[in-house]
Amino acid sequence: MASFFGGRDKGGGAGLESERVSRHSSGWGQLLTRLHSEESLRVLDIGTTSSTNINFITSLGHSIYLANLVEDAAKPEWIVPGEEGEGTRFDVERFLTEHLGFSGRGFDVVLFWDAADYLPEELLAPALERIHAVMAPGGQLLAMFHAPGAARTDFCRYHLTDTNKVDVQRAGDYPLLHYYTNRQIERLLESFQGFHFFLGKDNVSEVVVTR
């Protein structure tokens, strides 16, 4: 289950921490403006726990909830036998119930980061639909997608700053599973509105969408 506030920073294994690298993020800059101009927003961070993010969001008077979907989805317990004559499958419904089982939260901001590139394909669309369902009308979601030739494909933790930059830090040894085109991204996020695409110099695209 996702946690409120969370605990200490932790990556996907011992010895995987690295230095933080500053990265320009137009998408984060857009959401930051909202966080400064509105009060008591609910933020959902779909990423590896960052005490920096917890302290920053709460210092602005908002609440933050955490759900590290990539790390949780990599556990073997979600792979179960399929129907007779079929292979194994990912237990999507049980995963969503346990890790995105929010009720009445109405999130105003969701930081999905680049989780889409590391989640099993059969889980991604249902997870985005569940997140859409627990967002407040007018809520905004930031997602990032690697393109072929991206300068960095390590699974990373994203630390927030009070600028249009985020600090990126390697946080686990999870493989990048997918590359998505803009058209595929639009289909994944078709329940949302108001697409704003940004392409970074590192071949990582960002999109901010609205519930």
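A short reminder: the numbers here are calculations on the coordinates, not readings from a lab. Predicted model, so just to flag it, every value in this text is computed and none were measured. Because the Cβ atoms are built from the backbone with ideal geometry, glycine has one as well, and the counts that use them run over all protein chains shown.
At-a-glance table
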{"item": "Ranked list, fewest to most other Cβ atoms within 10 Å of each Cβ, for 196, 62, 146", "result": "196, 62, 146"}
{"item": "Selected from 25, 40, 50 as most flexible by GNM, with the chain as the system and alpha-carbon contacts under 10 Å", "result": "40"}
{"item": "Charge tally in the Cβ shell below 12 Å around residue 42, where Lys, Arg are +1 and Asp, Glu are -1, residue 42 excluded", "result": "-3"}
{"item": "Contact order normalised by residue count of the chain, Cα under 8 Å, 6+ apart, percent", "result": "28 percent"}
{"item": "Shape parameters for the chain, alpha-carbon atoms, Rg then Dmax in Å", "result": "16.4, 56"}
{"item": "Relative exposure of 64, 79, judged by other C-beta atoms within 10 Å (fewest first)", "result": "79, 64"}
{"item": "Cβ-based net charge around residue 161, under 14 Å, with every Lys or Arg adding one and every Asp or Glu removing one", "result": "+2"}
{"item": "Of 84, 186, 122, the one that fluctuates the most in a GNM where the chain has Cα springs shorter than 10 Å", "result": "84"}
{"item": "Selected from 47, 61, 106 as most flexible by GNM, with the chain as the system and alpha-carbon contacts under 10 Å", "result": "61"}
{"item": "Using a Förster distance of 30 Å, the FRET efficiency for residue 179-residue 136 (Cβ separation, nearest 0.05)", "result": "0.45"}
{"item": "Summed residue charge, Cβ within 11 Å of residue 60's Cβ, Lys/Arg positive, Asp/Glu negative", "result": "-2"}
{"item": "Charge-dipole axis of the chain as Lys and Arg at +1 and Asp and Glu at -1 on Cβ define it, positive-most pick from 76, 53, 37", "result": "37"}
{"item": "Nearest-20 debye value, the chain charge dipole, Cβ charges on Lys, Arg, Asp, Glu", "result": "660 debye"}
{"item": "Least to most buried among 107, 197 (fewest other Cβ within 10 Å first)", "result": "197, 107"}
{"item": "FRET efficiency estimate (nearest 0.05) - Cβ-Cβ, residue 89 to residue 165, R0 25 angstrom", "result": "0.05"}
{"item": "Potential extension, residue 58-residue 187 segment - 0.36 nm per residue separation minus Cα distance", "result": "43.1 nm"}
